[in-house]
1. Consider B:Ile40 carefully, then state whether it is assigned to a helix (DSSP H, G or I) and surrounded by 23 or more Cβ atoms within 10 Å (Cβ to Cβ).
2. Under 9 Å between Cβ atoms, which residue pairs at least 6 apart in sequence (or on different chains) link something in the stretch B:375-398 that is without any contact (Cβ under 8 Å) to a residue 60 or more places away in the chain and farther than 8 Å from B:Ile309 by Cβ with a partner that is among the charged types (D, E, K, R) and not in a loop (DSSP other than H, G, I, E, B)?
3. Hey, could you check the stretch B:180-212 for residues that are in contact with a Leu (Cβ under 9 Å, 6 or more places away or on another chain) and β-branched (Val, Ile, Thr) and say which is nearest to B:Tyr292 (Cα to Cα)?
4. Answer with yes or no whether A:Gly343 is within 24 Å of A:Arg159 (Cα to Cα) and in contact with a Pro (Cβ under 7 Å, 6 or more places away or on another chain).
5. Check B:Glu207 against each of (1) touching a Gly at 6+ places or on another chain (Cβ under 8 Å); (2) assigned to a helix (DSSP H, G or I) and name the one condition it does not meet.
6. Would you please name the residue that is farthest from the other protein chains (Cβ to nearest Cβ), looking only at residues in the stretch B:327-358 that are in contact with a strand residue (DSSP E or B) (Cβ under 7 Å, 6 or more places away or on another chain) and over 22 Å from B:Thr263 (Cα atoms)?
7. Does B:Leu234 fit the bill of being farther than 21 Å from B:Asp138 by Cα, within 14 Å of chain A (Cβ to nearest Cβ) and at pLDDT 95 or above?
8. What single numbered condition from (1) within 14 Å of chain B (Cβ to nearest Cβ); (2) farther than 28 Å from B:Ile352 by Cβ; (3) not hydrophobic (A, V, I, L, M, F, W, C) fails to hold for A:Arg243?
Number of protein chains: 2
Amino acid sequence: MPTTLKSFISVSPDSHFPIQNLPYGIFSSKNNSTKRAGTIIGDQVLDLALIEQRGLLKQCYDPSLALFDSTSLNAFVEQPRALQKQVRETLQKLLSADNAVLRDDEALRQAAFHAYADVTMHMPGKIGDYTDFYSSIDHARNTGVLFRDKDNPLLPNYRHIPVGYHGRASSVIPTNRSIKRPHGQVVPKDATDPIFSPSKALDFELEMAFFIGKGNELGEPITIDKTYEHIFGLVVLNDWSARDIQKWEYVPLGPFLSKSFATSISPWIVTLEALEPFHVTPRAQEPTPLSYLQFNKDFSLDIQLEVAIKTTKMIKPEVICRSNFSYLYWTMAQQLAHHTVAGCNTQPMDLIASGTISGPEVGSFGSLLEITFGGAQPLTLSTGETRVYIQDGDEIIMTAFCQGDGYRVGFGEVRGKIVG
Amino acid sequence: MPTTLKSFISVSPDSHFPIQNLPYGIFSSKNNSTKRAGTIIGDQVLDLALIEQRGLLKQCYDPSLALFDSTSLNAFVEQPRALQKQVRETLQKLLSADNAVLRDDEALRQAAFHAYADVTMHMPGKIGDYTDFYSSIDHARNTGVLFRDKDNPLLPNYRHIPVGYHGRASSVIPTNRSIKRPHGQVVPKDATDPIFSPSKALDFELEMAFFIGKGNELGEPITIDKTYEHIFGLVVLNDWSARDIQKWEYVPLGPFLSKSFATSISPWIVTLEALEPFHVTPRAQEPTPLSYLQFNKDFSLDIQLEVAIKTTKMIKPEVICRSNFSYLYWTMAQQLAHHTVAGCNTQPMDLIASGTISGPEVGSFGSLLEITFGGAQPLTLSTGETRVYIQDGDEIIMTAFCQGDGYRVGFGEVRGKIVG
């Protein structure tokens, strides 16, 4: 797609939402509390339910399917890729500077556009299952140094298997929701028995996640060369983690309550099509993985990631991590091929997260556990405050974008504030 | 409820489905492929969608709610308990020997009843999230002896926490479906690197599971004294497990592909009301758990459990395990109170399993891993065949029932055959 594509809606060069993006989300507006699908351009949300009702997508599909006049994107994401591409192209035409249909219909524009500041964003759909991988080798190494063996931090399976586990789908929440500090069993320092306590080691994890479009049947793995046909798009994800609860509960079956109290996602699903210009070669893998994980056309994505904190004393958020999606050791294609290789089925709107995305350098670590070296080096903020873990009232803001030539394709923000 | 309650449908004393039971399931019949709700009495399935349409439940709720004329029980299970009890009582009256409404209406009986042998059972609803606990201390001890430390088989957290983890909801399947042997990464004996192979250590796990009725909001734990208001009913569950895949993948985040290829459940949800006569005192717990897990009105259930195998050489299945639900160390109330204590929400039809239910004695072990002492003592069957793990063509059949005075309240069977 030419980067010269222009909309009649003015979009600043650092906006996440130019005409090249057009992500999908579910919103409600001040004058209409019905949840429905929208896209965003600049700082304007376009009501796709209305666009569908007015017949402006009828060359793509029968409007009675109500793919957008729906409280979820589930029906849209499982449509054939060709239909989805046609919708994207139709929307780009509709929004382009040289198309009069929307541009010159003042009444339609009034009805169809809402200032982003005035809408509420909701979950983009009903998640079936939520899976969380562990695909950043730097994160695995950092936590291995802290908890296992400084000289041998990676477990023997790490370079063979995209390690992952099942997470809790019900507690995945949209941006801008407060999160209650979880209570649970923790073992005080030097004690052997647990007490019941609010978590004193509440952390974030910087992740990205993809939504499944078309699913696969039980017993019918998705081969690695077909994985991209099943991935609809991506969001930023904050995998809130209570480290003290996690430490006591996670043997032998993995993290449970330390993660299932909340997982926040950014509101707009950025499609694979919008991310196409930002492919980069993935990290080298040594040893070469088993053949079902090999994909010579594979690629990673150059997505810049940031985490900021806003304490109650701050006027504006302060960046505490800069990372990149391309730091991941295991790719999305490998994750999905592995996930299904033993026969597991996937369904539209299943959510599959990357695991914490840390880079190799200080400054690129995607959790406070890593940033503070397990608490050994508290983080000092510009206000003079220090943090080992998140305090009540702190807000964590994550964002992600791809830098194009004169434009960005971004994900907006996922924000969440911890309350006591 | 008096055990003298009698139906005009004849029910043998060893049937799982007397008028005292009346479990709920989703079925389709030869003459009508629409999935809809039913109950079962003796060997007759009663079409509850039809009963609802005919207005025979209208004293309980407005038939336009279509709680039973639905492809899932999701809407019914989240109704207030008082409504559910009224439906149960109304159905018991309708089926009782001294009530003429159904008994004497030959045409209605013809339309409403189907021979169980002639129907197909389906998933009882759309599962939101699936959780699997690890609540049998004998099972934890048996696996600890095999994999950890013979003299110290229980991990330090076992007697403090009802350990559990998130499972895969999408691959929970109904009875009578074949299961493809999973392929995956396994490490051959004496090797360090994995190969890709069909699992050679395919096992069953005998479990029971409960369905959530009314859910709870995120951040609002279910206190232990309220847990029973949120449990709708129980099924038998086979947590198929590929031990060789599990062994290589499960560190540090828990089992993943070794479990997510299939989980089979029995077709009828037996309600808490039907199980009321079978309460027994749960196992003693030492040490006393933290206060959020204490419940002085707590109870376990006396449910007899059996696992049988049917190889291709057998005429009929052969029992290889007899266990009991009351062997569990952690109760359902403790599981649910723990599950939500950090703030995790639950939703109607979430499925929460017990973990493998083994007893203390040889003969009561709920998996082949335990029955064969990790393969050291292969199982010899009446045909002369031996088994360490499940072979292609083997069928595993699990069943469960409570023995009343002259009647049984049972769960029917969950069957699954492994195919190559």
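The values are calculated or read from the model by the stated rules, or taken from the named source; none is laboratory data. Here the structure is a predicted model, which is why all the values come from computation and not from measurement. Here Cβ is always computed from backbone atoms with ideal geometry, including for glycine, and neighbour counts include all displayed protein chains.
1. no
2. B:Pro378/B:Arg387; B:Leu379/B:Arg387; B:Thr380/B:Arg387
3. B:Ile212
4. yes
5. (2)
6. Across the stretch B:327-358, the extreme among qualifying residues is B:Thr340.
7. no
8. It is condition (2) that A:Arg243 fails.
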